[in-house]
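Everything on this sheet refers to the single structure shown next.
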Amino acid sequence: MTDTVIRNIAILGSTGSIGRQTLDIIAEYPDRFKASVLVANSSVDLLIEQAIRFKPDTVIIAREELYDTVNEALSTHGITVLTGSQSIVDVVKDPTIDTVVTAMVGYSGLAPTISAIGAGKRIALANKETLVVAGELITRLLQSSDSVIYPVDSEHGAFFQCLVGERHEDIARFLLTASGGPFRKTPKDELAHVTAADALKHPNWAMGAKITIDSATMMNKGFEMIEARWLFGVKPRDIEIVVHPQSIVHSMVEFVDGSVKAQLGLPDMHLPIRYALGLPGGRLATDSKRMTLKDFANLTFETPDRDKFPLIDVAYYAAERGGNTPCVMNAANEIAVAAFLRGTIGFNDIYRIINKTVEKIAFVESPCYDDYVNSNAEARQYATTLL
Ligand code: NDP
Ligand code: MG
């Protein structure tokens, strides 16, 4: 498809943090993009408001009991309203869809992403859990498809930009930057007492609740290491996590000659979303706020505290072991984070539950899709017994 044609975009998770910012970008370039499918889980009012404003062809409200409300509200707008998770899997195959933005949260993103790959779509991937759970399968599926994945995650957008014009064999190391989250300076023995409200106060980024807790535990950085490993074909041990509290350097690549390339920008997800949507055609010009070096004269870098944030090591262990282990880790994390957000477990219990679940669930070395489904279900069930 050439860049003079308006691209039809399906946004899976349009009411979330990434989804809303994707709609901002679509509104910024009406001659380039159209939001043709909007998908949400339960945010009925916002979904209806978005549908009336952006006039998509199709809207999906995943929770079936909310279908009537959405359908009635949009009955005079000429918009098809669907419900249920299968309709998300089906809609991404629609021949009119050019790009699928996967901005759903957690394991729920896996099946629609596989469907989009099968249909040869361009995918702007925010849902990193898909690659954590089944990166090996996704990589294999991509090899026999016309589909291409462009990263939305800011660090991976940075890696992508650092690699433009480079040869894969010239890569020495990936330096994956992390803000360090809200507890970077909190003493380890105080972490037992922090609340969800404390953890939700991220210093640099306004994101959905689940990824904000993942940032506080640094599980998010472990996930991003696994995401990078699959997106760029690098070994986990060649990806180093670097704490950079200002979140201006979005990540770096070191090459075999010792040269290091970094991508910089304000901590604003509109930037990586804009870059991902512009691909492969080029960058989308914008008047949005620019960074000035004098505002960020002190960029600092630290080694992460792996004793305080043990989930980093769990993620490296899962990545090196492979098979269904990252899937199990992800499932246990989803259960533990949801419980922490509800206030039923403490912060350190997140690690305890994930670690025990990873030890408990039977290892599957070369999982097929059904193995991922089963491992996810088993791990969720076992993690729930640990709450
Ligand atoms: P949010 O929680 O803000 O939004 C999630 C979106 O997905 C909502 O629209 C939600 O609908 C929808 N959704 C959730 N579950 C389902 C389901 N089962 N079926 C259909 N829709 C569903 O999350 P974020 O936007 O923060 O994150 C989305 C993804 O992007 C995550 O994988 C995250 O790791 C990744 N990401 C996010 C970043 C950020 O800055 N936020 C940065 C980098 C990556 P509803 O509103 O109805 O609940
Ligand atoms: Mg990120």
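The values are calculated or read from the model by the stated rules, or taken from the named source; none is laboratory data. Everything quoted here is computed from the prediction, not taken from an experiment. Neighbour counts run over all protein chains shown; Cβ positions are idealised from the backbone, glycine included. Protein only, heavy atoms only, side chains kept; ligands, DNA and RNA dropped before computing areas. Shrake-Rupley method; radii C 1.70, N 1.55, O 1.52, S 1.80 Å.
All other residues with a Cβ under 14 Å from the Cβ of Ala332 taken together, and with Lys, Arg as +1 and Asp, Glu as -1, what is their net charge?
On the way: positive: Lys210, Arg352, Lys356, Lys360, Arg380; negative: Glu129, Asp214, Glu334, Asp349, Glu359, Glu378.
Charge balance in the 14 Å sphere: -1.
How many Å³ per residue does the convex hull of the Cα positions in region 73-186 occupy?
About 176 Å³ per residue, rounded to a whole number.
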- Query: What is the Å³ per residue value for the convex hull set by the Cα atoms of region 216-318?
  - Reply: 145
- Go through Ala319, Thr102, Leu293 and say which Cα lies farthest out towards the positive end of the charge dipole of the chain; charges sit on Cβ, +1 for Lys and Arg, -1 for Asp and Glu. Leu293
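In square angstrom, what is the accessible area per residue of the chain with a 1.4 angstrom probe?
Values: 16540 Å² over 387 residues.
Accessible area per residue: 43 Å².
Give me the extension gain from Ala206 to Ser259: residue separation times 0.36 nm, minus the current Cα-Cα distance, reported in nm with one decimal. Don't skip to the answer; put the middle values down first.
Numbers: separation 53, 0.36 × 53 = 19.08 nm, distance 3.26 nm.
My answer for the length gained is 15.8 nm.
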- Message: Cut-off under 18 Å on the C-alpha distance; same-chain residues fewer than 8 positions from Lys34 excluded. Which lysines are left, in chain and number order?
- Response: Lys55, Lys93, Lys121
- Which order do Cys368, Cys162 take when ranked by solvent-accessible area (1.4 Å probe, heavy atoms of all protein chains), largest first? Cys368, Cys162
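Convert 4 °C to kelvin, take the viscosity as 1.567 mPa s, use the Kirkwood radius over C-alpha pairs of the chain as Rh, and evaluate the Stokes-Einstein diffusion coefficient in µm²/s, rounded to a whole number. Working shown, then result.
On the way: Rh = 21.4 Å.
For these conditions, the coefficient is 61 µm²/s.
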- Query: Leaving out same-chain residues fewer than 8 places away, which lysines sit with a Cα under 20 Å from that of Lys128?
  - Reply: Lys210, Lys221, Lys235
- Mind giving me the nanometre distance, one decimal, between the label points for Ala285 and Thr195, set 7 Å out from Cα along Cα→Cβ? 5.0
- Message: Considering the Cα positions of region 269-380, please state its Rg to one decimal place and its Dmax as a whole number of Å.
- Response: 19.6, 53
- Under unit Cβ charges (Lys, Arg +1; Asp, Glu -1), what dipole magnitude, rounded to 20 debye, does the chain have relative to its Cα centre? 460
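Rounded to the nearest percent, how much of the accessible area of the chain (1.4 Å probe, protein heavy atoms only) is carbon and sulfur? Mind showing how you got there, number by number?
Values: 8460 of 16540 Å².
On the chain, the fraction of accessible area on carbon and sulfur atoms equals 51 percent.
Return a single number: how many Lys pairs in region 256-361, at a sequence separation of 8 or more or on separate chains, have alpha-carbon atoms below 27 angstrom apart. Numbers along the way, then the final one.
On the way: Lys261/Lys289; Lys261/Lys294; Lys308/Lys356; Lys308/Lys360.
Going through region 256-361 pair by pair, I get 4.
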- Based on DSSP, what percent of beta bridges with both residues in the chain are antiparallel, to the nearest 5? 25
